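What follows is a short report on a single structure.
The values are calculated or read from the model by the stated rules, or taken from the named source; none is laboratory data. Fair warning: this is a prediction, and the values are worked out from it, not measured in the lab. Reconstructed Cβ throughout: ideal geometry from the backbone, glycine too, with neighbour counts over all protein chains shown. Just the protein is used for accessible areas: all its heavy atoms, side chains included, with ligands, DNA and RNA removed. Shrake-Rupley method; radii C 1.70, N 1.55, O 1.52, S 1.80 Å.
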Amino acid sequence: MDQVSSLPALRVNPFRDRICRVFSHNNVLSFEDVLGMASVFSEQACPSLKIEYAFRIYDFNENGLIDEEDLQRISRRLLNGNDVSEDLLTDLTSHVCALGCGTVAGMGPAIT
């Protein structure tokens, strides 16, 4: 997986480890897995497929929901993690959830 995560398109992506995990099988990326990843990220892929994979990438705890814990982890990565206080993350996710998010459930059957 290290070779794939060092590709220019993934190297700067704060979610590269999650992307590789979602597309791999038993934490091993086969050539077919890499082709599947390229297919999903291509402009020709249907939006629903892109959404389904994006959901899985952001569902860090893999519970089928994007919950407050996931939102904090997403925010930490987008804001360069180490420079973000826990209070700021809690305020941010509490504010987002106060807007009515609660949790976001996955769409349709799980991808295997």
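Treating r as the C-beta distance of residue 39 and residue 90 and R0 as 41 Å, the FRET efficiency rounds to 0.60. Ordered from highest to lowest accessible area with the whole protein assembly present and a 1.4 Å probe, 34, 40 read as 34, 40. Here the accessible area is traced with a 1.4 Å probe on the protein chains. For segment 55-96, carbon and sulfur cover 49 percent of it.
Within the assembled protein chains, the solvent-accessible surface assigned to residue 68 is about 80 Å², based on a 1.4 Å probe.
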